[in-house]
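Visitor: Encoded as structure tokens, here's the structure I'll be asking about.
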Amino acid sequence: MTPAPLVSIDDLTVQFRTDRGWTTAVEGVSFDIGEGDCLGVVGESGSGKSVTALSMLRLHARGTSRFASGVVRYAGKDLLRAPEGDLRAIRGRDIAMVFQDPMSSLNPVLTICDQISETLRLHQGMSRAAARGRAIELLDLVRIADAARRVDEYPHRLSGGMRQRVMIAIAIACRPRLLIADEPTTALDVTIQAQILELLRDLRAELGMAVMLISHDLGVIAEFAKRVIVMYAGRVVEDAPVDVLFRRPVHPYTEGLMASMPSLEGDAAKLYSIPGRIPDPDEAIAGCRFGPRCAHAEPICRAAMPELVAIEENHRVRCAPRSRPGGAG
Amino acid sequence: MTELSVGAGPVGPIVSPVLAPRRRFMLLRRLLAHRSFQIGAILVLALTIAAVFAPLITGIDPSAMKVRFRFRPPSEAFPFGTDNFGRDILTRVLYGGRVSLWIGLVVAALSGVCGAAIGVIAAQFRALDAPLMRLMDALMSFPAILLALGITAALGPRMESVIIALTVAYVPAGARIVRASALVVRELDYVQAARIAGASDVRIMFRHILPNSVGPLLVHMTFVFAYSILAEAALSFLGVGVQPPTPSWGNIIAEGRDYATEAWWVMLFPGLGISIAALGLNLLGDGLRDVLDPRLKGAG
């Protein structure tokens, strides 16, 4: 009885051209985003979170990147192969995106009004005056005080937090069905972070859109997401509801991430860190790519890349020993 | 609230500050306070006013010959003296300034527009980059004045050919400048954001990349303005530029060359016009560069 997902990513493999040939940044990534979902994607830098998100809208430079395999299904279309015109119609209208750095995401020579109007005029053919009115409404919606005055200002007059609010206003202008937020709070200070997360949460409820929040910060994910995907070295290693993931992480990497979070009870001076570093995409590693850093590695781990296996409903893990029936949990 | 305005901090990429309209006033204030910009602006403004109001200033026809007054040295009646046909040099220099400054202005504007278009297209449509830039390289491999000489020779010696020739000669440098900054701008987040909003390549190019890439070009254009005046003088001196009897600074000098030892004033005053224009424009450009390029802040 599960309804068809809003966006379905299946076996996505993205490669980039480098001096030494094609390097695989993301391999065999599969997950669904349902209507109104609240998905968190977590992982270290270089784990492929952003590459996955940008691939969903085919935003990588042509010529230096390619999709070696995979399908991104949205509204009956494969976004990886749809004509550019179809994608332009979907970008900004159905699927929108907010970036990490609000300081550089707004064009310095256009007013806030111009930049919010751009999406509205592109997708909804609004008149200039109507778009301006809607821009003010949107600024109100993202809780910018004195919207009617702010709308005519240039980005350099706004603080980082306000700029991120403007970016969100632009993203939700056409009431998208999916908002991808790529580290939306990383560049902001902590109080503003909380405000932006709260805003995203409220907007999600108000507009009924799905949100895919990408972050390396487990705290942000825990606070926001209902379901979490953990990525490591270009692959999904665990996919579980947020409470399950935080209470009973199964993959040793997820365990490591949890252990490396500072907690109020623990000894703050001794923060756990996972030994080693994330491997280069080109590095040859037999079997599981987390194997060399894993404290629980077994011979089976070196034999082959483990599959992403559902160990219970809504919980998938890519770990050979722990996804065996009756394996260590 | 924490949402305080960040005020006038230097934010945004270094290539962009030129056209942010609200900041324009700030830039304007900084420009007006800049010493070499002030001097340059005064010189250029003075020459422009003199050229525009030439008919009011002299009231003499620049081509009117008074053979009785040939080769009169500067005096009260003829402040700059007269030439071999008894024409008033002051009048001719003023009218010549109209032609020379006009050529400089038009060449700077045309080569700026063409250079901006070629540069931004090369940066945005990567497949066109190599062909366009190799063409520009080919043009640049000729010395500008030789190229212009060839083109004016081919098109016939007229003011229009001088303008076309100099535009062709100065487009490549402008194209390179704009391409370089557009390549930086196209990688910035707000360009990606526009793409995500569903904007087409062409729209992104004109609305987002171009306005943020033209700052360095504006500075370059002031120098092209000056070079064009010099080049026009050189072409006219060589006989392929603006043809007599229409005066230009270049051809007044060319005509005076035969009598340089007896009537030095014929060549001196148009020469001064050229020098002052070139000096003024260069100072103006220096000031503009200092203000627009944050890396050189305080250097002027």
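Every number in this text was worked out from the coordinates using simple rules, so none of it is lab data. Predicted model, so just to flag it, every value in this text is computed and none were measured. All Cβ positions, even for glycine, are placed from backbone atoms using ideal geometry, and neighbour counts span all protein chains on display.
Visitor: Relative contact order, percent, of chain B when contacts are C-alpha pairs under 8 Å separated by at least 6 residues?
Guide: Once normalised by length, the contact order is 27 percent.
Visitor: Another question, then. Might you report the magnitude of the Cβ-based charge dipole of segment A:1-104 about its Cα centre, with Lys and Arg at +1 and Asp and Glu at -1, to the nearest 20 debye?
Guide: About 440 debye.
Visitor: Determine the gain in length on full extension of the stretch B:LEU146-B:THR246; use 0.36 nm per residue of separation and subtract their C-alpha separation, reporting nm with one decimal. Could you put the intermediate results ahead of the total?
Guide: Numbers: separation 100, 0.36 × 100 = 36.00 nm, distance 2.34 nm.
Once the chain is fully extended between B:LEU146 and B:THR246, it gains 33.7 nm.
Visitor: Sorted by average packing, counted as other Cβ atoms within 10 angstrom per residue and highest first, what order do A:222-233, B:170-181 take? Can you show the working numbers first?
Guide: Working: A:222-233: 22.2, B:170-181: 24.1.
Top to bottom by mean Cβ count within 10 Å: B:170-181, A:222-233.
Visitor: Between the helical axis of B:264-292 and the dominant principal axis of chain B, each derived from Cα atoms, what acute angle in degrees is found, rounded to the nearest 10?
Guide: Helix B:264-292 and the main axis of chain B meet at about 10 degrees.
Visitor: Rounded to the nearest Å, what's the spacing between the alpha carbon centres of segment B:142-159 and segment B:195-232? Just the number, please.
Guide: If we compute the Cα centre of each part, the gap is 26 Å.
Visitor: May I pose another question? Output the 0 to 90 degree angle, nearest 10, between the alpha-carbon long axis of helix B:215-238 and the longest principal axis computed from the alpha carbons of chain B.
Guide: 20
Visitor: Sequence gap at least 6, Cα distance under 8 Å: using those rules, report the relative contact order of chain A to the nearest whole percent. Display every interim value, and only then the final one.
Guide: Details: 595 pairs, mean separation 64.1, N = 329.
Normalised by residue count, the contact order of chain A is 19 percent.
Visitor: B:ARG30 versus B:ALA46, label points 7 Å from Cα toward the beta carbon: distance in nm?
Guide: So the label points at B:ARG30 and B:ALA46 sit 2.8 nm apart.
Visitor: Let me ask something else. What's the angle, to the nearest 10 degrees (0 to 90), between helix B:159-185's Cα axis and the longest principal axis of chain B?
Guide: 20
Visitor: How much length is gained if the chain between A:ARG324 and A:ALA295 is pulled fully straight, taking 0.36 nm per residue apart and subtracting their Cα-Cα distance, in nm to one decimal?
Guide: Numbers: separation 29, 0.36 × 29 = 10.44 nm, distance 1.78 nm.
8.7 nm is the gain from fully extending A:ARG324 to A:ALA295.
Visitor: Using a 10 Å cut-off on Cβ atoms, rank the peptides A:53-63, B:281-291, A:296-306 from the highest mean neighbour count down.
Guide: Descending packing order for the listed peptides: B:281-291, A:53-63, A:296-306.
Visitor: Here is a follow-up. Which order do A:GLU118, A:GLU283 fall in if you start with the one that has the fewest other Cβ atoms within 10 Å?
Guide: A:GLU283, A:GLU118
Visitor: So for segment B:209-300, averaging the separation of alpha carbon pairs under 8 Å that are six or more residues apart and normalising by length, what relative contact order in percent results?
Guide: Details: 86 pairs, mean separation 28.1, N = 92.
So the answer I get is 31 percent.
Visitor: Hey, can you rank B:112-125, A:129-142 by average C-beta count inside 10 Å, highest first?
Guide: Most protected by this proxy first, the peptides run B:112-125, A:129-142.
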